C-alpha cells in the first residue's frame, strides 16, 4: 500500500508526519518517536517565541525572557536532534576508506566506529551529569531557573543517542549493511 493519498483522499493513506525510523524493537521505536516529537515541539515553540518577540519589537517592546528561553531550547533541540539523526544513520561521515573495504572488514570497521562513538557518548553522559549536579545552584539571568535545566540536555541527548548507536551496533554485528539498516 502506498503512503501517497489515493484519488479519493482517503485519510488512512496519507504520508506520516515524520520520516520513518529504521526497524527496531518497540522500546527503541517509542524512544525515537518521543525524541522526534520533542524536537518538533521545541522547534515550534522557538519559532513562536521568536516571531512574537519580532512583533513586540515592531511596537518598541521587548520580552527579554524569550531570548534566554530560546537559547535554552536551542541547546535541547541540538542534542535531541543529534539523537534523531543518529537513529536514522544521518550523522556526518567520511566513508572513502570504509567503502573500499570488503564486507567482512567493513562490518568490523563499522562496529569499531560505533564502539568508539559509544565510549564518547559515555564520557559525555558522565561529565554531563557532573555538570548538571554542580549547576543546580546557578540560575539563568532572566528566567531565574537553575542552569542545570539547560545543561541536562547534554546527558539526556547523549543517552538517547547511545541507545540508537547501541542498537545500530547490534545490527552491524548481526551482519546487516548500512543499506539494510537504514535503506538505500
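Would you list 58, 170 from fewest to most Cβ contacts within 10 Å?
Final ranking by Cβ density, sparse to dense: 58, 170.
So how do 60, 178 line up by other beta-carbon neighbours within 10 Å, fewest first? Numbers along the way, then the final one.
On the way: 60 6, 178 18.
With the sparsest Cβ surroundings first, the list reads 60, 178.
Which entry is the computed percent of Cα pairs over 29 Å apart for this structure: (i) 22; (ii) 69; (iii) 40?
(iii)
At a 10 Å Cβ-Cβ cut-off, how would you order 56, 92, fewest neighbours first?
Working: 56 13, 92 5.
In increasing order of surrounding Cβ atoms, one gets 92, 56.
Given contacts defined as C-alpha pairs under 8 Å and at least six residues apart, what's the relative contact order of the range 23-182, whole-number percent?
Over the range 23-182, the number comes to 29 percent.
To test your reading of the geometry: what angle, between 0 and 90 degrees and rounded to tens, separates the Cα axis of helix 153-173 from the longest principal axis of the chain?
It works out to around 10 degrees.
If you line up the long axis of helix 26-58 against the longest principal axis of the chain, both from Cα atoms, how many degrees apart are they, to the nearest 10?
It works out to around 30 degrees.
Just to confirm the number: angle between the C-alpha axis of helix 64-87 and the first principal axis of the chain, 0 to 90 degrees, nearest 10?
Result, in degrees: 10.
Using a/c under 1.5 as the rounded threshold, could you call the range 15-119 rounded, prolate or oblate? The axes a ≥ b ≥ c are square roots of the C-alpha gyration tensor eigenvalues, and prolate needs a/b larger than b/c, oblate otherwise.
Cα axes put the range 15-119 in the prolate bin.
Ranking request for peptides 14-26, 74-86, 120-132: highest mean number of other beta-carbon atoms within 10 Å first, then the rest in descending order.
By packing density, highest mean first, the sequence is 74-86, 120-132, 14-26.
Every number here is computed from the coordinates shown, using simple stated rules; none is lab data. All of these numbers come straight from a predicted model, not from anything done at the bench. For neighbour counting, all protein chains shown are included, and Cβ atoms are generated from backbone atoms with ideal geometry for every residue, glycine included.
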